[in-house]
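Okay, so here's the structure we're looking at.
The values are calculated or read from the model by the stated rules, or taken from the named source; none is laboratory data. None of the values given here were measured: they were computed from a predicted structure. Don't worry about glycine lacking a Cβ; one is built from the backbone with ideal geometry, like all the others, and counts go over all protein chains shown. Side chains included, ligands, DNA and RNA excluded: accessible areas come from the protein's heavy atoms. Shrake-Rupley method; radii C 1.70, N 1.55, O 1.52, S 1.80 Å.
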Amino acid sequence: VKSMWLKTVGSAAWLAKIFMEMRWAVVVSEAPAFITTDNPVVAIHEELRFRGIRNTGTTIVFPLSPTRVLNMDWRREEPNGAYYRLNGTAAAANSLMWRDAYRDMFSSRHPDEVCAEIAASGEGTADSERRK
């Protein structure tokens with residue numbers, strides 16, 4: 001098992017190098033706000049089409065905990081290793097992560113509360129309209 005693990009991790013070294021080149025920023029919430037899913041790493045592009053990890057419009061979103069989300073991107077004009085307070089709700093991040101889930105969402109809050117927050121923000125409907 002250990003040998004298989006080392007081979008698997010070793011085969012992803014190229015991806016880890018790309019992630020280390022990206023700008024890292026963490027969004028912090030004072031209270032549990034963020035969800036995670038059975039497919040937690042989300043790659044998004046500003047044009048709503050995936051154009052590759054090295055593309056300057058690509059952002060990788062990874063939930064770290066109910067109070068922290070890691071964002072990796074190519075925005076060199078922004079500080080690297082910065083921490084930002086969550087402004088408002090986590091609806092935008094949660095909507096993004098939930099849409100990318102295979103099947104399951106995990107949260108420290110009741111799913112009805114998470115859904116109500118997403119619906120109230122309009123995050124689910126705005127993205128649906130842009131994709132048409």
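Observations on the model:
- Counted residues, the range 85-115 - those being of a type in the set (Val, Ile, Thr) and in a loop (DSSP other than H, G, I, E, B): 1
- Those residues of the range 25-37 which are exposed (fewer than 11 other Cβ atoms within 10 Å of the Cβ) and not aliphatic (A, V, I, L, M), in sequence order: Glu30
- Exclusive hit being in a loop (DSSP other than H, G, I, E, B), out of contact with any helix residue (DSSP H, G or I) (no Cβ under 6 Å at 6 or more places or on another chain), more than 20 Å from Asp104 (Cα to Cα) and at pLDDT 95 or above, set Glu30, Glu78: Glu30
- Pairing each residue of the range 42-58 that is more than 12 Å from Met72 (Cβ to Cβ) with any residue that is of a type in the set (Gly, Ala, Ser) and at pLDDT 90 or above, provided the two are 6+ apart or on different chains, yields C-beta distances under 8 Å for His45/Gly57; Glu46/Gly57; Glu47/Gly57; Phe50/Ala43; Arg51/Gly57.
- Of the residues making up the range 75-93, just one is among the aromatic types (Phe, Trp, Tyr) and open to solvent by less than 100 Å² (accessible area, probe 1.4 Å), namely Tyr84.
- Filter result for the condition that a residue is farther than 26 Å from Ser121 by Cβ, crowded, with 17+ Cβ neighbours inside 10 Å and at pLDDT 95 or above, over Met72, Met22: Met22
- Of all residues in the range 53-67 being hydrophobic (A, V, I, L, M, F, W, C) and part of a strand (DSSP E or B), the one that is surrounded by the most Cβ atoms within 10 Å (Cβ to Cβ): Val61
- Just so you know, in the range 94-117 the residues that are farther than 27 Å from Arg23 by Cα and among the basic types (Lys, Arg) include one that is most open to solvent (accessible area, probe 1.4 Å), and it is Arg103.
- Against the list (1) open to solvent by 60 Å² or more (accessible area, probe 1.4 Å); (2) under 21 Å from Ala16 (Cα atoms), the condition Pro40 fails is (1).
Residue-wise test of (1) in contact with a strand residue (DSSP E or B) (Cβ under 8 Å, 6 or more places away or on another chain); (2) in a helix (DSSP H, G or I); (3) of a type outside the set (Gly, Ala, Ser).
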residue: Ser3; (1), (2), (3): no, yes, no
residue: Leu6; (1), (2), (3): no, yes, yes
residue: Gly10; (1), (2), (3): no, yes, no
residue: Trp14; (1), (2), (3): no, yes, yes
residue: Val26; (1), (2), (3): yes, no, yes
residue: Leu48; (1), (2), (3): no, no, yes
residue: Val69; (1), (2), (3): yes, no, yes
residue: Tyr83; (1), (2), (3): yes, no, yes
